[in-house]
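Participant: So that we are looking at the same thing, I have put the structure below in structure tokens.
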Amino acid sequence: QKVSVRVLDHLEQLALVDFRDSEGVERLQKAIQFADQLHEVNTDGVEPMDSVLEDRCLYLREDDVTEGNCTKDLLENAREKVEEYFVAPPGNIPLPKLEERDTFLQGS
């Protein structure tokens, strides 16, 4: 199943992933083929679920802080930060618009 240039462009904008090389597009197509197997599963009579654990009682534990005051140490791991916050995703740059791109899939 071929993925159109428009779909690739939309996915790139949503996920900030660049699919301009054939390896990235091939990996995406394999993921779609894998997910398409779900259409073969018979779900007649199966009620939608909120969680796979909805028939179990989930106990919450107390949220006790045992360690802390390590903000400076944690922020040393950040590639980029603003004030005391991580900037995510790292290297987030706007992708070129569809019309501006020169891609090998232009004929799709």
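Where a number appears in this text, it was derived from the coordinates with a stated rule and is not lab data. Here the structure is a predicted model, which means the values were calculated and not measured.
Participant: Apply the Karplus curve 6.51 cos²θ - 1.76 cosθ + 1.60, θ = phi - 60°, to the phi angles in the stretch 10-17 and return the couplings in whole Hz, x for Gly and Pro.
Facilitator: Once θ is set to phi - 60°, the couplings for the stretch 10-17 become 5, 5, 4, 5, 6, 9, 6, 10 Hz.
Participant: Translational diffusion coefficient, Stokes-Einstein: compute it for the stretch 1-40 using the Kirkwood radius over C-alpha pairs as Rh, at 20 °C and 1.002 mPa s, and state it as an integer in µm² s⁻¹.
Facilitator: Rounded, D is 201 µm²/s.
Participant: Assuming 0.36 nm per residue, please report the length gained on full extension of the stretch E54 to L28 beyond their Cα-Cα distance.
Facilitator: 6.2 nm
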